[in-house]
Amino acid sequence: YKNPYYASGHSAMVHLFEWKWDDIADECERFLGPKGFGGVQISPPNENLVIWGKNRPWWERYQPMSYKLVTRSGNEQQFADMVRRCNNAGVRIYPDAIINHMTGNDPENVGTGGSTGDFHNWQYPGVPYGRNDFNWPHCVIGGNDYACCADRVRNCELAGLKDLNQGTEYVRDQIVNYMNRLIDLGVAGFRIDAAKHMWPGDLSVIYSRLHNLNTAHGFPSGSRPYIYQEVIDLGGEAVRREEYTSLAAVTEFKFGLELSNAFKGNNQLKWLSTWGPAWGLLPHEDALTFIDNHDNQRGHGAGGNILTYKQAKQYKAAIAFMLAHPYGEPQLMSSFDFWDTEAGPPMDHHGNIISPSINSDNTCGNGWICEHRWRPIYQMVGFRNAAGNTGVNDWWDNGSNQIAFCRGGNAFVAFNGDSWALNESLQTCLPAGTYCDVISGEKSHHSCTGKAVTVGHDGRAHISISPGDFDMVLAIYVGSESRL
Ligand code: ARE
Ligand code: CA
C-alpha cells in the first residue's frame, strides 16, 4: 500500500482541489502528462450534501450522502472518462475517500445526486445506512479528547459528523464496495480522510479486501492500491501516526511546518543538511509529504504557520526544496483563490463550478491559482524525474541560509535565503556544458530565457542568486542543457 505506481519517468502528485473531472482529464493530456507529473489527488467523488445555507462551501464535499459518483465535479461517466484519459497520459488518479462519517445535522438534506436523508435519525437511504451502522452511544469529540482518549477520538463524532462504525460487516461492505468500484474504474489509490478517527484494526480489514489495481489501465498484475492516511500528529496526542504506518503511508504534517518555518527565515537553511527522519519525520517510505494542504492553507485542521501561494517567493522555494530532495513522496497543492476561508470554488449562481481558464504563459485564470502551473514548480517536477532515485551528495552551505546540493550526477540546486547575494564557484556534479536554470526561465531554441550556468570539466560552475531575484532558487539538471 506504499507504492504510488507512478508511470516510469513520472513523479509527484498534485491535489487539484475542487476541479471538475472533464477539466482534470484535459489537464492530464495537455499539461500534467507532458510535464512528467505522477498523479492527481481529486476531491471526493461520492455524493455530498448540498449546503446552500453557507453558499456552497468547499467543505460540503466532506459530508457524504451516499457512494453514488455524482458531485459538482461530475458524474460517473465523466469520472470513468477522466481516469482512463489520465492513465493514458501516464498520470494516476487518487480519490479522497471519506469513510469515517456521513453528514452533520444540517438543516438542508438533499445531496448532489438527489439522495435525501434524515440526519437526526441517522438515516441515509442512498446507501442505505441506518442507526445501527453508527457508533453508539452518541458522543462528540471535544478539544481535550485528542490528548487523552483514543477511544473517544475514534468512536465519537468529528465536528458533529455522523460517525460510522467500521467494526460492523455491513459498514465494511459498503465502504469496500465503493472503493473497489473506483479501483475497477482505474484509480491507483486513495487518501483516507480522518484516518485518525478510525481503528487501525478496522482499516486493516478494509484495505485487505480491496481489489488489485486494474491491469487494463496499465498497472502490473498484483499491484495493491497506494494508500495514504490522513493522521495529524504533531506530537502529544493519544493517537500516534506510528499506529498507522504498518498499514500504509501516512500524511507527514511536520514536513510542511518545518520547511515553512525554515523558508520564512525562522530557522537557518544550513540545518537542512540532515533533512529527513533525523528531524523527527517518518521513515521515507511511510511519508506522504507536502507544504500546505486544503485545510491548513486556510486555518482548518492543524492550522499552524504554513506557507501558501499567498507568500509566493518563500512558498516556491519551500516547494523547490521538497521536490529537489529525495525524502518522502511529495504532493503539491493546487488552489483556487480565497479570502473567506469557508468559500467554495469559483462558481456561477446555480452553484456550478467554473472551469479554470489557461493563459498563454501557462498560468490559470477565472479565480484559480494553479500553483502546479507556476514555472519554478512544474520545472522542479522535471528536475525530480531527472534526479531519479539518486541521493543527496556534495552538500554545500555558507554556515547560514545559502545552501546547495547535487542529486548524483544528474541534478544540482542552490538556495539563497540570506539578505546578501550568493556568488560562489560550486560543485554541480554535472557533465561540462551550458545549462538553463529552470527557475528563472527555460530553454528556448538553443538558448536560455533565464540564467545560463556554464559547468566546467571539473563539474564546477559559478552560481549566483541575489536577494533581489524573483526567486531564491537556481536549479539545473541533465536535460536542461541549452544545446541538446
Ligand atoms: C463543517 C463545519 C463544522 C460543522 C460540521 C458538521 O465547519 O462547524 O460542525 O461541518 O456540520 C472539513 C472542514 C470542517 C467541516 C467538515 C465537514 O474542515 O470544518 O465541518 O469538512 O463539512 C481534525 C481531524 C482531521 C480533519 C480536521 C479538519 O483529525 O481529520 O479536523 N481533516 C479532514 C479533512 C477536512 C474535513 C474532514 C476531515 C472531515 O481534511 O477538510 O473537514 O471530513 C488538532 C488535531 C487534529 C484535528 C485538529 C482540528 O490539530 O490533532 O486531528 O483535525 O485539531 O480539530
Ligand atoms: Ca470514527
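No lab work stands behind these numbers, since they all come straight from the coordinates. Not measured: the values here are computed from a predicted model. Neighbour counts run over all protein chains shown; Cβ positions are idealised from the backbone, glycine included.
In segment 81-202, one over the average inverse separation of all distinct C-alpha pairs is 15.8 Å, which is the Kirkwood hydrodynamic radius.
For the residue pairs LYS54/LYS310; LYS35/LYS451; LYS270/LYS313; LYS196/LYS313, the alpha carbons lie more than 26 Å apart in LYS196/LYS313.
Going by Cα centres, segment 273-297 and segment 336-393 are how many Å apart? Their Cα centres are 21 Å away from one another. Shape of segment 6-45 from the C-alpha gyration tensor: oblate (a/c of 1.5 or more and a/b not above b/c, with a ≥ b ≥ c the square roots of its eigenvalues). Only Cα pairs under 8 Å and 6+ residues apart enter the sum, and on that basis the relative contact order of the chain stands at 13 percent.
The ellipsoid that matches the Cα gyration tensor of segment 233-379 has semi-axes, each √(5λ) in whole angstrom, of 29, 19, 14, with the longest given first.
In the chain, helical runs assigned H by DSSP with n ≥ 4 each contribute -39500 (n - 2.57); averaged across all residues and rounded to the nearest 500, the mean residue ellipticity at 222 nm is -5500 deg cm²/dmol.
Look at where the Cα atoms of segment 71-89 and of segment 198-244 average out, and the two centres are 23 Å apart.
When the Cα positions of ASN398, ASN416, GLY382 are compared along the charge dipole of segment 375-484, GLY382 comes out farthest toward the positive end, with charges on each C-beta of Lys, Arg, Asp and Glu. Computed about the Cα centre, the dipole magnitude for the chain is approximately 720 debye when only Lys and Arg (+1) and Asp and Glu (-1) carry charge, each at its Cβ.
Segment 124-190 and segment 411-433 have Cα centres spaced 50 Å apart. Which values of log₁₀ I(q)/I(0), to two decimal places, follow from the Debye formula for the chain at q = 0.08, 0.10, 0.12, 0.13 Å⁻¹ with a uniform point scatterer at every Cα? Ignoring solvent entirely, the Cα scatterers give -0.48, -0.75, -1.06, -1.23. Pull up the DSSP beta bridges for the chain and report the antiparallel fraction as a percent, rounded to 5. About 60 percent, rounded to the nearest 5. Assuming charge only on the beta carbon of Lys and Arg (+1) and of Asp and Glu (-1), the dipole of segment 192-347 about its Cα centre is about 440 debye to the nearest 20.
In segment 324-464, how does Rg compare with the Kirkwood Rh, expressed as the Rg/Rh ratio over alpha carbon atoms?
Across segment 324-464, the Cα-based Rg/Rh ratio is 1.07.
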